[in-house]
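To start, the structure itself, in structure tokens.
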Amino acid sequence: MNNQSLYPEARFWKRKGESILCELCPHACILHEGQSGLCGSRIHEAGKLRSTVYGYPSALQSDPIEKKPLFHFLPGTRTFSIGTQGCNLSCKFCQNWHLSAQHGREHEYVSPKELVLAAKNNRCKSIAFTYNEPIIFAEYALDIIDLAEQEKIPCIFVTNGYVSELARETVFSGLRAVNIDLKAFSDTIYRHYTGGSLRPVLDTILWCVNKGIHTEITTLLIPGVNDDDLSLEKSTQWIVKNCGEDTPLHLTAFHPDYMMTDHPGTSRQSLERARKIATASGLRYVYVGNYPGFDNNTYCPQCGEIVIERKGYQVTLHKEHQHSLPIIRRLP
Ligand code: SF4
């Protein structure tokens, strides 16, 4: 920590004359002295880029890992969940805007060491960076991941995947699992509704899959925006082709919120239709979230028996199941 500043120096930036270029995400913000980036979490201060959220979690709690959602990674365990404030996308439909659209740090300092200790004390089997976008607090996350690795605690990102090519490897390589939002299969929709673009997200998904990081994908189904048959066919066929048929897909229901409070929520029929399309594309594990009454058990694709039974966040693992499913990462 620099004595002259409240904020620790960030990584992933370089000087551009009198300004600073942030290289963490594809926005590539150019910041003059005193300016913050689009994410609201990085500031140009006296010739250096600094993280304004390092060490200041806005939320810390033990959650079922299924809540992230991750259904095939350490099922039935609890994950120590941490978020800060801010986001590098500005989704009009954000379901977590009270954290993502806030900037600053009104909370108490928690060092990476204290955080890993808290995860252990809470008997959590993993640490999840979630609630707001972890890419924007990469420096804090990376320090926690290093310490967690020493304690053999796997770390997870629940992320929009909107990271630069330059930073991707450093930011993601210490992770054991990710849930990446695929908000739409259209660059136009990404640009209009999120302020980002599609390609970097697809590249992050591919990078994680190719590196063997356990990858699940989530799509928030927004009526009239991303839920038409053709888009769903394209996105789910892309997942099958590039990530494999065993990639878990979570289709979640939109509830009117943030800048889209006058937009209708997702109907049961739409969720059922989307699930059918994903299954017809070849995905073997398609789950439905944020809507009651759906069957979210995991079935063995060989014999049809239940392998993991879920009632809400109550999880039963059917260990006696005869076929081993390599897609399920269990506790050793
Ligand atoms: S991480 Fe923040 S400051 Fe950096 S380029 Fe992205 S939006 Fe801009």
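The values are calculated or read from the model by the stated rules, or taken from the named source; none is laboratory data. These numbers were taken from a predicted model, which means no experiment stands behind them. Ideal geometry is used to build each Cβ from the backbone, glycine not excepted, and the neighbour counts take in all protein chains shown. Keep in mind that these areas ignore ligands, DNA and RNA; they rest on the heavy atoms of the full protein, side chains included. Shrake-Rupley method; radii C 1.70, N 1.55, O 1.52, S 1.80 Å.
Could you list, in sequence order, the residues of the range 169-192 that are acidic (Asp, Glu) and over 13 Å from Thr204 (Cβ atoms)?
Once the filter is applied, which keeps residues that are acidic (Asp, Glu) and over 13 Å from Thr204 (Cβ atoms), the range 169-192 yields only Asp187.
Output the number of the condition that Ser81 fails; it satisfies all remaining conditions of (1) open to solvent by 10 Å² or more (accessible area, probe 1.4 Å); (2) touching a residue at least 40 places away in the same chain (Cβ under 8 Å); (3) more than 10 Å from the ligand (Cβ to nearest atom).
Of the numbered conditions (1) open to solvent by 10 Å² or more (accessible area, probe 1.4 Å); (2) touching a residue at least 40 places away in the same chain (Cβ under 8 Å); (3) more than 10 Å from the ligand (Cβ to nearest atom), the odd one out for Ser81 is (1).
Listed here are the residues, each with its yes/no results for (1) basic (Lys, Arg); (2) out of contact with any Ser or Thr (no Cβ under 8 Å at 6 or more places or on another chain); (3) within 16 Å of the ligand (Cβ to nearest atom); (4) at negative phi.
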| site | (1), (2), (3), (4) |
| --- | --- |
| His98 | no, yes, no, yes |
| Pro112 | no, yes, no, yes |
| Phe137 | no, no, yes, yes |
| Asp143 | no, yes, no, yes |
| Leu147 | no, yes, no, yes |
| Gln150 | no, yes, no, yes |
| Val158 | no, no, no, yes |
| Ser164 | no, yes, yes, yes |
| Arg168 | yes, no, yes, yes |
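Which one of these is assigned to a helix (DSSP H, G or I) and open to solvent by less than 70 Å² (accessible area, probe 1.4 Å): Ile308, Ile277?
It is Ile277.
Quick one: is Ile156 in a strand (DSSP E or B) and either more than 19 Å from Leu70 (Cα to Cα) or aliphatic (A, V, I, L, M) (or both)?
In short, yes.
With the condition kept exactly as written, say whether any residue in the range 19-31 is more than 10 Å from the ligand (Cβ to nearest atom) and of a type outside the set (Gly, Ala, Ser).
no
Which ones in the range 248-264 are within 19 Å of Val288 (Cβ to Cβ), under 20 Å from the mean Cα position of the chain (by Cα), open to solvent by 10 Å² or more (accessible area, probe 1.4 Å) and not charged (D, E, K, R)?
Selection gives Thr252, His255.
Looking at the structure I just gave you, is Lys92 surrounded by fewer than 18 Cβ atoms within 10 Å (Cβ to Cβ) and more than 24 Å from Pro8 (Cβ to Cβ)?
Yes; evaluated as a whole, the condition is true for this residue.
Go through the range 176-196 and give me each residue that's in contact with a Gly (Cβ under 6 Å, 6 or more places away or on another chain) and either in contact (Cβ under 8 Å) with a residue 12 or more places away in the chain or outside the structural domain of Asn160 (by TED's automatic domain parsing) (or both).
Answer for the range 176-196, where residues must be in contact with a Gly (Cβ under 6 Å, 6 or more places away or on another chain) and either in contact (Cβ under 8 Å) with a residue 12 or more places away in the chain or outside the structural domain of Asn160 (by TED's automatic domain parsing) (or both): just Ile180.
Give me the pairs: first residue in the range 285-296 and assigned by TED's automatic domain parsing to the domain that holds Thr215 and in contact (Cβ under 8 Å) with a residue 24 or more places away in the chain, second residue among the aliphatic types (A, V, I, L, M) and assigned to a loop (DSSP other than H, G, I, E, B), beta-carbon distance under 8 Å, and six or more apart or on different chains, which are they?
Between residues of the range 285-296 that are assigned by TED's automatic domain parsing to the domain that holds Thr215 and in contact (Cβ under 8 Å) with a residue 24 or more places away in the chain and residues that are among the aliphatic types (A, V, I, L, M) and assigned to a loop (DSSP other than H, G, I, E, B), the close pairs are Tyr285/Ile327.
Out of the range 37-52, which residues are surrounded by 18 or more Cβ atoms within 10 Å (Cβ to Cβ) and either modelled with pLDDT under 95 or not aliphatic (A, V, I, L, M) (or both)?
Gly37, Cys39, Gly40, Ser41, Arg42, His44, Glu45, Arg50, Ser51, Thr52
Can you name the residue in the range 219-247 that is in a loop (DSSP other than H, G, I, E, B) and over 21 Å from the mean Cα position of the chain (by Cα) and is also surrounded by the fewest Cβ atoms within 10 Å (Cβ to Cβ) among such residues?
Once the filter is applied, the top-ranked residue is Gly224.
Which of the numbered conditions does Phe254 fail, given that it passes all the others? Conditions: (1) in contact with a strand residue (DSSP E or B) (Cβ under 6 Å, 6 or more places away or on another chain); (2) closer than 30 Å to Ala101 by Cα; (3) free of Cβ contacts under 8 Å to residues at least 24 places away in the same chain.
(3)
Hey, does the range 138-156 have a residue that's at pLDDT 95 or above and under 23 Å from Leu251 (Cβ atoms)?
So far as the range 138-156 goes, yes, one or more of its residues are at pLDDT 95 or above and under 23 Å from Leu251 (Cβ atoms).
For residues that are under 12 Å from Glu139 (Cβ atoms) and either among the β-branched types (Val, Ile, Thr) or more than 7 Å from the ligand (Cβ to nearest atom) (or both), tally how many sit in the range 32-55.
Summing the residues that are under 12 Å from Glu139 (Cβ atoms) and either among the β-branched types (Val, Ile, Thr) or more than 7 Å from the ligand (Cβ to nearest atom) (or both) in the range 32-55 gives 7.
Only residues that are hydrophobic (A, V, I, L, M, F, W, C) and touching a strand residue (DSSP E or B) at 6+ places or on another chain (Cβ under 9 Å): list them for the range 54-88, please.
Within the range 54-88, Ala59, Leu60, Ile65, Leu70, Phe71, Phe73, Leu74, Phe80, Ile82 qualify.
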